[in-house]
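The structure appears right after this line, and notes come after that.
Bear in mind that the values in this text are calculations on the coordinates, not laboratory data. Keep in mind it's a predicted model, so treat the numbers as computed, not measured. Here the Cβ positions follow ideal geometry from the backbone for every residue, glycine too, while neighbour counts run over all protein chains shown.
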Amino acid sequence: MSAPLNTARRGDPESGRGPAVSSDALIDLRGIDKLYAMGERGVKALSGVDLAIELGEFVAIMGPSGSGKSTLMNVLGCLDNPSSGTYRLAGRDVSRLSERELARVRNREIGFVFQSFNLLARATAQENVELPLVYAGAGARERRTRAQAALESVGVLDRSQHRPSELSGGQRQRVAIARALVTKPKMLLADEPTGNLDSASAEEILALFEKLHAQGNTVLLVTHDPEVAARAERILHIKDGRIVSDERRAAPAERAPPPSSPLEPES
Amino acid sequence: MKPLAFLRECFRMALQDLGSRPLRSVLSVLSFSLGIATSVVLVALGEGVRAGVKDILSTLGEGQIIVTPGRTTGIGGQRRAGRPVRIRYEDTEGLAAHLPSFQGVASYFDMRGGGASSYRYSIPWSPVRAVDREYFNVRQVGMVEGRWISDVEEEEGRWVAVLNEALAKVVFPEGGAIGQWIEWRGRRMTVVGVIRDEAVFPYTLFLPYRTVMEMADARYITGLIARPIPGESWARATRELQRVLGGLGGFDPNDANALEIEDNSAFTSRVEAVTTALHALVVGIAGVSLLLGGLGVANLMVIAVTERTREIGLRKALGAAPGSIFCQILCESLTVLSVGGLLGIAAGWTTCVALGSIRVSATYTAHARFDPASAALSLLGLALVAALASIIPARRAAALPAAEALRWE
């Protein structure tokens, strides 16, 4: 039911399904606000965010700490509901779902990659990759074959029986990416995926993301590092809870110029 | 996911997580099983003490009224005033028919002095109590070996004897008293039984009433033991006894001095109150130790949940619904609790068997009674504590917000 791993970049039949939507974008945020109750006055972490991301895009989200970047990531990753506004993911309104339904969306549609890998220390690479399939309700045999396929696609199949402590940082992040890919989600959501890696490993991981993007995966990269962001096709800058610039780039290899000319957020 | 497969998955993950913290898992299992074992043993000992005290009370004359004739009160010169009250043995035969409030009535005659000897051993001073066949039924004391005096032996005044336990131990130290002869005041009697009667002198010899009548003037009884019907008002029963005996002895039933009435119901009810309080205390301590064990497990699981906040966040990000997190934590604590509980009950049972019976005094042993009812009660308490100890941390884990849990350090 989820999009296959190597799907075509356009024309996913699912994006047109569901209730009537004006946009067939994979991600469609409209007027998203997020308020946190803090002290007497609430803190507005996001205010009026409009954003559309198409299937197959490679987007970097940049911003200083406290800019609302993490909050945006939580909303995009269905880890948190927005206070107001609507969020359509693949045509489905996910902004008012219950915890249980959100868990299902996270399981099927989103693959998370974290800065600190977040692998279970006591489980092997294989078991770590199988974990999302456990929650998806897959049988043992299906889990094994799909986990091995995912490990192979990121080049660490030979490490499948190793525990995270026996792996290098780069290998750990590859296992984590395999885990994100194993349910064949509609998008990968990576939060500072190279933050804990040396530059060589970071380069490998970024190359892997580029490769996955080239295979048709939608990749959202949250980072504060301009060099990392420069690998993306499109860079969003966020500040004080608003998207202040949205740049599209033709070639991903070039360096990103500073966000001197903020564009209107696409809607 | 199918429920069964889901549950199996939960247990698999729970066991994996428990296995990854072996020391802590073992310690918490042990602490909980210790709590269970303690409560099982305490309850068993409490039951044993209660049953033991009940035994003692019955040998001391619980549920019986002992009457001995006294002297009538009276103003000087008045007829029958200040005379000793006498009740004939013949008159007491068939007395039970006139005492509807009583289960049974037995009269006896005590004789002092005289040594008793067997083929080899002797005791210089052994009192005799002449009894009828009802005595054993009314006293309800324990038969150590042999049997009580039969109807025929009583009626024909045969030379048979029943020994009190302490006497049997003196004159037949090697045991095997039954069938042997015992000599008292030059007469040889066949021993037919040994009883344990704690309300009389320990070296007492029990002989049939008619046998004693041949040896001594036993026309007038020394005393009378009567057992009221259970649930009968003791005050009413006592009045009835006074009225009937007053008719027999020719005295005023309202004369307080004519009969000495030994009624230990107040004493036994006090002892019973103490035992019940003691038992309640023991059960209370057992309950507290059970609760402490359960709280230990709850504490362990709450800590386990807190230190795994990030992991729970990750699981949620990967698609774990609150229900499956809840189930996983529940499975973990239930595993600890059920393993600990079973171990504890097994250990408690073993301890009860090992303790067996504790000899408190020469005549009283306390039995650690492992009774299934109290074990079932412990299990019930255990289940209650287990539910409490599991649900609190599991709910806590399930309610963690995913986004914050992921950022938790």
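Name the residue from B:ALA216, B:ALA237, B:VAL192 whose Cα lies farthest towards the positive end of the charge dipole of region B:181-253, charges +1 on Cβ of Lys and Arg and -1 on Cβ of Asp and Glu.
Positive-end residue among those listed: B:VAL192.
In region B:154-189, whose amide N lies under 18 Å from the spot 7 Å out along Cα-to-Cβ of B:MET213? List them in ranges.
B:154-161
Select from A:ILE53, B:GLY348, B:SER117 the residue farthest towards the positive end of the dipole of the protein assembly as shown; place +1 on Cβ of Lys and Arg, -1 on Cβ of Asp and Glu, and compute about the Cα centre.
Final value for the positive-end residue is A:ILE53.
Would you mind calculating the relative contact order of region B:174-283 from Cα pairs under 8 angstrom and at least 6 residues apart, reporting the percent as a whole number?
On the way: 38 pairs, mean separation 10.1, N = 110.
Computed value for region B:174-283: 9 percent relative contact order.
What is the calculated FRET efficiency for B:ALA354 to B:PHE11, with r their C-beta to C-beta distance and R₀ = 35 Å, to the nearest 0.05?
On the way: r = 34 Å, r/R0 = 0.98.
According to the calculation, E is roughly 0.55.
Per-residue ellipticity at 222 nm for chain B, helices alone: DSSP H runs ≥ 4 residues times -39500 (n - 2.57), over residue total, nearest 500 deg cm²/dmol? Write down the numbers at each step before the final one.
On the way: 13 runs with 221 residues, N = 409.
My calculation for chain B gives -18000 deg cm²/dmol from helical runs alone.
Which FRET efficiency value, to the nearest 0.05, do you get for B:ASN299 and B:ILE261 by plugging their Cβ-Cβ distance into 1/(1 + (r/R0)^6) with R0 = 56 Å? Kindly include the intermediate steps, with their values, before the conclusion.
Values: r = 60 Å, r/R0 = 1.07.
In this case the efficiency is close to 0.40.
At q = 0.11 Å⁻¹, what is the log10 ratio I(q)/I(0) for the protein assembly as shown, with the Debye formula run over Cα points and no solvent?
-1.09
Percent relative contact order of chain B, based on C-alpha pairs within less than 8 angstrom and at least six residues apart? Don't skip to the answer; put the middle values down first.
Numbers: 719 pairs, mean separation 114.1, N = 409.
Relative contact order comes out at 28 percent.
For region B:128-257, what does the alpha-carbon gyration tensor say about shape, rounded, prolate or oblate, given a ≥ b ≥ c as the root eigenvalues, a/c under 1.5 as rounded, and a/b over b/c as prolate?
On the way: a/c = 2.51, a/b = 1.75, b/c = 1.43.
Judged from the Cα gyration tensor, region B:128-257 comes out prolate (a/c at least 1.5, a/b above b/c).
Explain nothing, just compute: Karplus ³J(HN,Hα) = 6.51 cos²θ - 1.76 cosθ + 1.60, θ = phi - 60°, for every residue of region B:122-136 in order, whole Hz, x for Gly and Pro.
Once θ is set to phi - 60°, the couplings for region B:122-136 become 9, 10, x, 9, 9, x, 10, 10, 7, 10, 9, 5, 6, 3, 5 Hz.
Per-residue mean of other chain beta-carbon atoms within 10 angstrom of the beta-carbon, peptide A:115-122?
On the way: counts 0, 3, 1, 8, 1, 8, 2, 6.
If you average over the peptide's residues, the count of other-chain Cβ atoms is 4.
Of A:LYS44/A:LYS239; A:LYS34/A:LYS239; A:LYS34/A:LYS211; A:LYS211/A:LYS239; A:LYS34/A:LYS186, which pairs sit farther than 22 Å apart, going by alpha carbon to alpha carbon? Don't skip to the end; give the middle numbers.
Values: A:LYS44/A:LYS239 12 Å; A:LYS34/A:LYS239 14 Å; A:LYS34/A:LYS211 34 Å; A:LYS211/A:LYS239 30 Å; A:LYS34/A:LYS186 24 Å.
Those over the limit are A:LYS34/A:LYS211; A:LYS211/A:LYS239; A:LYS34/A:LYS186.
What percent do you get for the relative contact order of region A:77-174 when only Cα pairs under 8 Å and 6+ apart count? Mind dumping the intermediate values first?
Details: 81 pairs, mean separation 24.9, N = 98.
Answer for region A:77-174 is 25 percent.
If you count the DSSP beta bridges with both ends in region B:153-237, what percent of them are antiparallel, to the nearest 5?
On the way: 6 of 11 bridges.
The answer is about 55 percent antiparallel.
Spin-label point model (7 Å from Cα, Cβ direction): what's the B:SER101 to B:TRP234 distance in nm?
Roughly 1.2 nm, to one decimal.
At q = 0.07, 0.08, 0.10 Å⁻¹, what base-10 log of I(q)/I(0) does the Debye formula yield for chain B when every alpha carbon is treated as an equal point scatterer in vacuo?
Cα-only, vacuum Debye calculation for chain B: -0.56, -0.64, -0.79.
List every DSSP H helix in chain B whose Cα atoms extend 27 Å or more along the helix's own long axis and whose mean Kyte-Doolittle hydropathy is at least -1.0.
Working: long enough: B:22-59 (55 Å, 1.16); B:265-307 (62 Å, 1.42); B:322-355 (48 Å, 1.43); B:372-399 (40 Å, 1.46).
Both cut-offs are met by B:22-59, B:265-307, B:322-355, B:372-399.
Let me know the mean shielding of A:135-147 by other chains, meaning the per-residue number of their Cβ atoms within 10 Å of its Cβ. Present the calculation step by step, with values, prior to reporting the outcome.
On the way: counts 10, 3, 6, 2, 3, 3, 0, 0, 0, 0, 0, 0, 0.
Rounded to a whole number, the mean comes out at 2.
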